[in-house]
Amino acid sequence: MAKILIVGGGYTGFYTAFKLQKHLRAGEAEVTLVDPLPYMTYHPFLPEVAAGLIEARHVIVPLRRHLKKTHVVQGRVASVDHAKKTATIEPSAGKSYTAKYDHIVVAAGSVSRTFPIPGVADEAIGMKSIEEAIAVRDRIIDNFAKAANLPKGKERDRLLTVTVIGGGFAGIETFAELRSLATAMLRQYPELTIDDTKFHMVEAMSRVMPEVSLKTSLWVLKNLATRGAVVHLDTQLKSAKGGLVELSNGMKFESDLIVWTAGVMANPVVNSMGLPVEERGRIRSSATLQVTNVDGTVVAGAWAAGDNSAVPDLTGNGVGGMCVPNAQHAVRQAKRLAQNLVAVLRGENPVDYIHKNLGAVAGLGVGHGVFQSGKIAVTGFPAWLMHRGYHGLAMPMWERKFRVAGGWIMQFLVGRDTTTLSLREHPQSYFQTYASRPGK
Ligand SMILES: Cc1cc2nc3c(=O)[nH]c(=O)nc-3n(C[C@H](O)[C@H](O)[C@H](O)COP(=O)(O)OP(=O)(O)OC[C@H]3O[C@@H](n4cnc5c(N)ncnc54)[C@H](O)[C@@H]3O)c2cc1C
């Protein structure tokens, strides 16, 4: 039986395994998937989780529940020796071990890309994991509660100031959703007004959301401005030391919540695999999703797709000729990869991956959204409905779709959930503080 090893259980890894389960005949191959996390994360919903609109666990898909015919290992692939077709696996418990494979699928995704800006590593938080989204939600809600107890002044201003760095898709969605959460929470805090809350987005380029047309991006800026959210274009973050944000336009302010969404890069683990990596740190892939050498020859038994790979965009619309790193491609590449891998196992020819971009749809807080496909643009409430419709259906697995849609119905009926469980980070504190002790 051929041994297939999948590195990563995100969009690409999860869907590759899911489709291999479907296409492989009994006894044809044995599939192992390794990921440090026991779930795949549906990233497009992270901003809505941060805004208290979707229950956090509903946007993650438990691997073991849905990959019943796959051997799921919770751990990380530390390195790969493709010449020997072995991988070193560090499980979440127990000793590291070496696993042999016949085919490897590299699907380790991307990581947040930061720059050496003072204070960012200590003060900022990303928006790439469910844990970060929960932490951002809890921080903003807790800060409102703290600020309501304080007189006007520096400390209160800091608690009510939110900064998002990076005006790409994820950054704008996060910024707009947090603004929407803050505005909604003001109803519960008569001590605070909208003018007390400050929302700053910092974008180094002269526009936001490169995925939509300039006209649509200008609509987004206008929409945010009317909601009390400031976007600083052509501006860079100079320092965030101690939470004091210093911008290249000379502005300085204190901010208790700094979210970093200024881009991603291929997971650096791909450099330790002995596989060809291009100048931007991505594994070289062909349109068949097979890893290729610089001269275009196929590296036998190696496959790569998703954010960690440079896959040619055969529609001719890619950036630098390559597919852009997004979920639209990751999911479809995974499905094609699974079919191609099975074809190669059976001595058949793999087929090229080709997908014409469907466009982009973004949620910008309840009732606000944008959609762009070619020259067609929709803004405002209809686009927000399209965002919910598209992503509600794109959420993997029916049981997950039902949870998300059920939550939206509840939210419509009983309102947004603005509770936090931030004490969860110190789970023993309640017991240690209040439990009765013998002899006291
Ligand atoms: C906030 C946000 C919003 C987004 N919104 C959209 C959107 O609206 N539309 C869209 O098309 N795209 C969107 N994206 C992009 C999309 O989520 C990514 O392009 C997609 O996740 C890429 O899939 P992937 O499988 O390559 O990586 P991932 O889904 O990130 O999966 C990588 C997996 O590899 C695992 N891993 C990492 N290192 C190792 C290792 N050493 N060993 C084993 N496993 C490892 C990780 O734990 C992870 O599970 C968004 C992204 C973010 C962050």
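Report yes if some residue within the range 297-314 is farther than 23 Å from Lys356 by Cα and either polar (S, T, N, Q) or part of a loop (DSSP other than H, G, I, E, B) (or both); otherwise report no.
Within the range 297-314 (the criterion being farther than 23 Å from Lys356 by Cα and either polar (S, T, N, Q) or part of a loop (DSSP other than H, G, I, E, B) (or both)), the answer is yes, since at least one residue qualifies.
Yes or no: Lys68 more than 11 Å from the ligand (Cβ to nearest atom) and either outside any helix (DSSP H, G or I) or out of contact with any Lys or Arg (no Cβ under 7 Å at 6 or more places or on another chain) (or both)?
It is true that Lys68 is more than 11 Å from the ligand (Cβ to nearest atom) and either outside any helix (DSSP H, G or I) or out of contact with any Lys or Arg (no Cβ under 7 Å at 6 or more places or on another chain) (or both).
Suppose the filter is out of contact with any strand residue (DSSP E or B) (no Cβ under 7 Å at 6 or more places or on another chain), in the same structural domain as Ile165 (by TED's automatic domain parsing), more than 30 Å from Cys323 (Cβ to Cβ) and buried (at least 16 other Cβ atoms within 10 Å of the Cβ); does Thr193 pass it?
Against the criterion (out of contact with any strand residue (DSSP E or B) (no Cβ under 7 Å at 6 or more places or on another chain), in the same structural domain as Ile165 (by TED's automatic domain parsing), more than 30 Å from Cys323 (Cβ to Cβ) and buried (at least 16 other Cβ atoms within 10 Å of the Cβ)), Thr193 does not qualify.
For the range 7-22, check the following and say yes or no: at least one residue is assigned to a strand (DSSP E or B) and free of Cβ contacts under 8 Å to residues at least 60 places away in the same chain.
Looking for residues that are assigned to a strand (DSSP E or B) and free of Cβ contacts under 8 Å to residues at least 60 places away in the same chain, one finds none in the range 7-22, hence no.
Within the range 331-440, which helices (runs of 4 or more DSSP H) (wholly inside it) include 1 or more residues that are among the aliphatic types (A, V, I, L, M) and buried (at least 17 other Cβ atoms within 10 Å of the Cβ)? Reasoning before the result, please.
Working: elements: 381-394, 398-414, 429-434.
Helices (runs of 4 or more DSSP H) meeting the threshold: 381-394, 398-414.
Please go through the range 166-185 and pick out each residue that is open to solvent by 10 Å² or more (accessible area, probe 1.4 Å) and more than 15 Å from Gly365 (Cα to Cα).
Passing the criteria: only Gly168.
Taking the range 23-45 only, how many residues are under 19 Å from Glu348 (Cα atoms) and outside any strand (DSSP E or B)?
Looking only at that region, the number is 6.
Kindly check whether there is at least one residue in the range 42-58 that is farther than 30 Å from Ala182 by Cβ, near the ligand (Cβ under 9 Å from one of its atoms) and touching a Ser or Thr at 6+ places or on another chain (Cβ under 8 Å).
Checked against the condition, which is being farther than 30 Å from Ala182 by Cβ, near the ligand (Cβ under 9 Å from one of its atoms) and touching a Ser or Thr at 6+ places or on another chain (Cβ under 8 Å), the range 42-58 yields no hits at all.
Out of everything in the range 213-222 that is open to solvent by less than 10 Å² (accessible area, probe 1.4 Å) and touching a residue at least 40 places away in the same chain (Cβ under 8 Å), what residue ends up being nearest to Gly166 (Cα to Cα)?
So, considering only residues that are open to solvent by less than 10 Å² (accessible area, probe 1.4 Å) and touching a residue at least 40 places away in the same chain (Cβ under 8 Å), the one nearest to Gly166 (Cα to Cα) is Val220.
Looking at the range 315-330, which of its residues are of a type in the set (A, V, I, L, M) and in a helix (DSSP H, G or I)?
Ala327, Ala330
Tally up the residues in the range 80-89 that are part of a strand (DSSP E or B) and either buried (at least 17 other Cβ atoms within 10 Å of the Cβ) or among the β-branched types (Val, Ile, Thr) (or both), please. Before you say what the answer is, go through the steps one by one.
First, pick out the residues of the range 80-89 that are part of a strand (DSSP E or B): 80-81, 86-89.
From what's left, either buried (at least 17 other Cβ atoms within 10 Å of the Cβ) or among the β-branched types (Val, Ile, Thr) (or both): 80, 86-89.
Residues in the range 80-89 being part of a strand (DSSP E or B) and either buried (at least 17 other Cβ atoms within 10 Å of the Cβ) or among the β-branched types (Val, Ile, Thr) (or both): 5 in total.
So, Lys222, is that one charged (D, E, K, R), within 25 Å of Gly318 (Cα to Cα) and assigned to a helix (DSSP H, G or I) or not? Let's see the steps before the verdict.
Details: charged (D, E, K, R): yes; within 25 Å of Gly318 (Cα to Cα): no; assigned to a helix (DSSP H, G or I): yes.
It is false that Lys222 is charged (D, E, K, R), within 25 Å of Gly318 (Cα to Cα) and assigned to a helix (DSSP H, G or I).
The values are calculated or read from the model by the stated rules, or taken from the named source; none is laboratory data. Keep in mind that what you see is a predicted model, and the values were worked out from it rather than measured. Note that we place each Cβ from the backbone using ideal geometry, even for glycine, and neighbour counts take in every protein chain shown. Accessible surface is based on the protein model in full, side chains and every heavy atom, while ligands, DNA and RNA are left aside. Shrake-Rupley method; radii C 1.70, N 1.55, O 1.52, S 1.80 Å.
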